[in-house]
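Notes follow the structure.
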Amino acid sequence: MIGIINYGAGNLQSVKNSLDYLGISSIFVNKPSEVDGCDKLILPGVGAFGLAMNKLNCLGFTKKIKEFTRQEKPVLGICLGAQLFFETSKEHGLHQGLGLIKGGVLPLNQKVNNLPIPHIGWNNIHKEKTSLLLENIENDSCFYFVHSFYCEPADMSIMVASVDYGLKFTAVFGKDKIFGCQFHPEKSQACGLVLLENFQKIT
């Protein structure tokens, strides 16, 4: 059972609709105790980093997510959800994240000068290493992005795929069973569905 964490900062229904379409069992996790009934978690996310972390903290999800990952159960962060896995974000100040991945979240506009920010639309991702999460997805496939900040891992070897938007940065990362994608698989048509199906297969 995949638990989709409901903390008031994510497009949950679109994720669940995609999983339902694939025939994958999932539930909305509305309180930390419900995590115990799941064997995988998805942390979606839309909006501001600091506000999202505040919601996770206030609702008691922060401790529960960390406990879940220590049990070596798979987790997938989507867009802001992936960014929340990092130690810090420089989004309108300095904010502390979940700290599951060493590194930080940085503003695109400090490095990208000749392209619109936010980065919105379809972009090709380039595979940097083999990962079960991208199995049966062709290199340079397109996914849908909506964001103004990007993830910069301290250890770049965890980068599974990159994207180039005036700057090469992490599109997909994977460390142990902690995965994140900067794009929205639930909005990325066939390739996004394959990614979600791959996540379901990871044990």
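The values are calculated or read from the model by the stated rules, or taken from the named source; none is laboratory data. Everything quoted here is computed from the prediction, not taken from an experiment. A quick note on method: Cβ atoms are made from the backbone with ideal geometry, for glycine too, and the neighbour counts reach across all protein chains shown.
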Quick one: would you say Gly47 is on the phi > 0 side of the Ramachandran plot and surrounded by fewer than 17 Cβ atoms within 10 Å (Cβ to Cβ)?
yes
For segment 45-58, state whether one or more residues are under 15 Å from His147 (Cβ atoms), touching a Phe, Trp or Tyr at 6+ places or on another chain (Cβ under 8 Å), in a strand (DSSP E or B) and of a type in the set (A, V, I, L, M).
no
Within segment 72-90, tally of residues that are in contact with a Pro (Cβ under 7 Å, 6 or more places away or on another chain) and surrounded by fewer than 20 Cβ atoms within 10 Å (Cβ to Cβ):
1
Extreme residue, modelled with the lowest pLDDT, among residues of segment 134-187 that are of a type in the set (Asp, Glu) and either buried (at least 20 other Cβ atoms within 10 Å of the Cβ) or outside any strand (DSSP E or B) (or both):
Asp176
Could you tell me which residue of segment 112-133 is surrounded by the fewest Cβ atoms within 10 Å (Cβ to Cβ), considering only residues that are over 19 Å from the mean Cα position of the chain (by Cα) and touching a residue at least 12 places away in the same chain (Cβ under 8 Å)?
Asn114
Please work out which one of (1) in contact with a helix residue (DSSP H, G or I) (Cβ under 6 Å, 6 or more places away or on another chain); (2) closer than 17 Å to Phe145 by Cβ is the condition Pro118 fails and give its number.
(1)
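Provide a single number: the residues in segment 68-89 that are in a helix (DSSP H, G or I) and without any contact (Cβ under 8 Å) to a residue 24 or more places away in the chain.
1
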Tell me yes or no: at least one residue of segment 35-42 is touching a Pro at 6+ places or on another chain (Cβ under 8 Å), part of a strand (DSSP E or B) and of a type outside the set (S, T, N, Q).
yes
If I go through segment 1-34 residue by residue, how many of them are part of a helix (DSSP H, G or I) and either in contact with a strand residue (DSSP E or B) (Cβ under 7 Å, 6 or more places away or on another chain) or not hydrophobic (A, V, I, L, M, F, W, C) (or both)?
13
Could you check segment 12-32 and list, in sequence order, the residues that are within 20 Å of Leu59 (Cβ to Cβ), surrounded by fewer than 17 Cβ atoms within 10 Å (Cβ to Cβ), of a type outside the set (D, E, K, R) and in contact (Cβ under 8 Å) with a residue 24 or more places away in the chain?
Ile27, Phe28, Asn30
Among the candidates Lys90, Lys102, Lys40, residue that is closer than 24 Å to Ser157 by Cβ and more than 17 Å from the chain's Cα centre (by Cα):
Lys90
Could you look through segment 145-162, keep only residues that are among the aromatic types (Phe, Trp, Tyr) and in contact with a Leu (Cβ under 8 Å, 6 or more places away or on another chain), and pick out the one that is farthest from Ala48 (Cα to Cα)?
Tyr150
Taking the criterion of being touching a residue at least 60 places away in the same chain (Cβ under 8 Å), crowded, with 20+ Cβ neighbours inside 10 Å and either over 22 Å from Leu43 (Cβ atoms) or β-branched (Val, Ile, Thr) (or both), would at least one residue in segment 97-111 satisfy it?
yes
Within segment 1-43, the count of residues that are hydrophobic (A, V, I, L, M, F, W, C), over 20 Å from Asn54 (Cα atoms) and in contact with a Gly (Cβ under 9 Å, 6 or more places away or on another chain) comes to 3
